[in-house]
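Okay, structure first, notes after.
Throughout, read-outs are computed from the coordinates displayed, never taken from laboratory work. The shown structure was predicted, so the numbers you read here are calculated from the model rather than taken from an experiment. Virtual Cβ from ideal backbone geometry, glycine too; neighbours counted across all protein chains shown.
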Amino acid sequence: MQMKPVMNRVLLACAVFGLLSISKVSAQFEGTVGMGIHAGYGAGISSPGVGAHLHYYHTNNVRFVPSFSYFPERKGTGMWMADADAHYLLPVSITASLYPIAGIHYSNWKYSAGQASEMLVEEWTKHRAGINLGLGFQHDIAYRVRANFELKYQFIKDYSQVVFMAGFGFWL
């Protein structure tokens with residue numbers, strides 16, 4: 001009769017230690033660096049774009065992501081942007097994570113109306129700073145290879161926009 005309560009305590013202790021060790025079983029990324037490429041669409045510029053990004057894992061859940069994206073000229077307007085975002089990874093399974101995005105943004109917008117006979121051509125360049133807020137999803141495809149999808153809103157004076165990006169990357 002006395003054996004049953006002892007067995008229950010042993011099983012409970014094993015379950016608690018098992019749950020506490022799950023974090024040790026998951027991948028350890030702290031201090032690692034990754035890089036990748038991405039393509040997407042900027043709603044404000046109404047153009048597709050391409051770029052590259054780096055990932056630095058400050059901790060297993062917090063990473064810093066500098067990136068550069070180029071949107072070729074379309075209907076006279078072209079743009080490039082540099083972002084410095086932070087992600088907080090929230091695992092939803094062993095191979096997938098959601099992450100909120102927050103960061104700073106800098107962009108260079110160029111417009112050229114083209115040449116209309118001998119009249120002056122309207123051209124301008126505007127430099128804009130802003131803030132990024134959004135949500136991302138990451139799926140680990142294979143060892144050290146991942147795919148990611150991001151949707152973020154860029155708060156930019158006179159040029160705020162929604163940007164969707166999809167990319168591939170790997171850890172070094």
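Okay, here's what the table says:
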| item | result |
| --- | --- |
| Tensor-based shape of the range 27-171 (alpha-carbon gyration tensor, a/c under 1.5 rounded, otherwise prolate or oblate) | prolate |
| In nm, spacing of pseudo-spin labels at E123 and F68 (7 Å Cα→C-beta vector) | 2.2 nm |
| Cα gyration tensor shape of the range 87-172, rounded if a/c is under 1.5, else prolate or oblate by comparing a/b with b/c | prolate |
| Sum of side-chain charges, Y56 neighbourhood, beta-carbon under 15 Å (Lys, Arg +1; Asp, Glu -1) | -1 |
| Net +/- balance of residues flanking S112 in space, Cβ distance below 10 Å, scoring K and R +1, D and E -1 | -2 |
| Nearby aspartates and glutamates by direct alpha-carbon distance to K126 (threshold 19 angstrom, same-chain neighbours under 8 apart not counted) | E73, D83, D158 |
| Summed residue charge, Cβ within 12 Å of V33's Cβ, Lys/Arg positive, Asp/Glu negative | +1 |
